[in-house]
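The values are calculated or read from the model by the stated rules, or taken from the named source; none is laboratory data. Please read these numbers as outputs of a predicted model, since none were measured by experiment. Glycine also receives a Cβ, built like all others from the backbone with ideal geometry; neighbour counts cover every protein chain displayed. We work out accessible area using only protein heavy atoms, side chains counted, and drop any ligands, DNA or RNA first. Shrake-Rupley method; radii C 1.70, N 1.55, O 1.52, S 1.80 Å.
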Amino acid sequence: MPRLVLTVIGDDRAGLVSALADVVTAHDGNWEDSQLAELAGKFAGIVVVGVPGERVDALTAALRELDGLLEVAAHPGAEASGVADDADAQRLTIDLLGNDSPGIVREVSSVLNRHELSIETLTTGTREAPMAGGLLFEAHVVVRVPGGSDSAALRADLERLATELLVDIAVA
């Protein structure tokens, strides 16, 4: 079954997910995966839906009718194969916490790029630092590590980066 990757954004309010789900279901679509969140007063996210091939155009047209409530863009996705790309691949979790400063995401993603690792999920946020004042920056990253990758070198590079940025980085 073809899959569509939907990007959605709108002013945050009750009923947005329900409206989107109604349109998907009305076109025999199956909501497979999603990452949705409220950020700075906007509701935004990505949704993967499976839809019968003959219903793709009708679903795409119906999604445009949500404009005013949600802006939705539909992109063709890969069909589900059910087979893992790399049976030896592992997932690595990286948690970072430290004083907020510009460039942290750039620095961490640069290290991951040098090791040719793909980010599966990246969640970041800031919060008030207790007692000290200021903002703390938190990141939770899940990366896919292909079999044969040098995990020790990656860990060393992340530890070096933690020292440079004065942040705590935990790798599991």
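I'd like the full set of residues that are part of a loop (DSSP other than H, G, I, E, B) and open to solvent by 80 Å² or more (accessible area, probe 1.4 Å), limited to the range 120-167.
Those that are part of a loop (DSSP other than H, G, I, E, B) and open to solvent by 80 Å² or more (accessible area, probe 1.4 Å): Pro130, Met131, Ala132, Gly148, Asp150, Leu166.
Selection of the range 115-143 for residues being of a type outside the set (A, V, I, L, M, F, W, C) and touching an Asp or Glu at 6+ places or on another chain (Cβ under 9 Å) yields His115, Thr123, Thr124, Gly125, Thr126, Arg127, Gly134, Glu138, His140. Taking every residue in the range 24-46 that is open to solvent by 40 Å² or more (accessible area, probe 1.4 Å) and pairing it with any residue that is in a loop (DSSP other than H, G, I, E, B) and of a type in the set (A, V, I, L, M), at least 6 positions away or on another chain, the pairs with Cβ-Cβ distances below 9 Å are Asp28/Val51; Asn30/Met1; Asn30/Val51; Glu32/Ala80. Exactly one condition in (1) in contact with a Ser or Thr (Cβ under 7 Å, 6 or more places away or on another chain); (2) within 27 Å of Asp33 (Cβ to Cβ); (3) open to solvent by less than 70 Å² (accessible area, probe 1.4 Å) is not met by Ala170; state its number. With respect to (1) in contact with a Ser or Thr (Cβ under 7 Å, 6 or more places away or on another chain); (2) within 27 Å of Asp33 (Cβ to Cβ); (3) open to solvent by less than 70 Å² (accessible area, probe 1.4 Å), Ala170 is out only on (1). Of all residue pairs spaced 6 or more apart or on separate chains, those with beta-carbon atoms under 9 Å, a first member in the range 141-170 that is within 18 Å of Gln90 (Cα to Cα) and a second member that is among the acidic types (Asp, Glu) and in a strand (DSSP E or B) are Val141/Asp95; Val141/Glu120; Val142/Glu120; Val143/Glu120; Arg144/Glu120; Ala170/Asp95.
Can you tell me which of Val49, Val56, Val72, Val111 is assigned to a helix (DSSP H, G or I), open to solvent by less than 40 Å² (accessible area, probe 1.4 Å) and touching a helix residue (DSSP H, G or I) at 6+ places or on another chain (Cβ under 6 Å)?
On the way: Val49 fails: assigned to a helix (DSSP H, G or I); Val56 fails: touching a helix residue (DSSP H, G or I) at 6+ places or on another chain (Cβ under 6 Å); Val72 fails: assigned to a helix (DSSP H, G or I).
Every option except Val111 fails the conditions.
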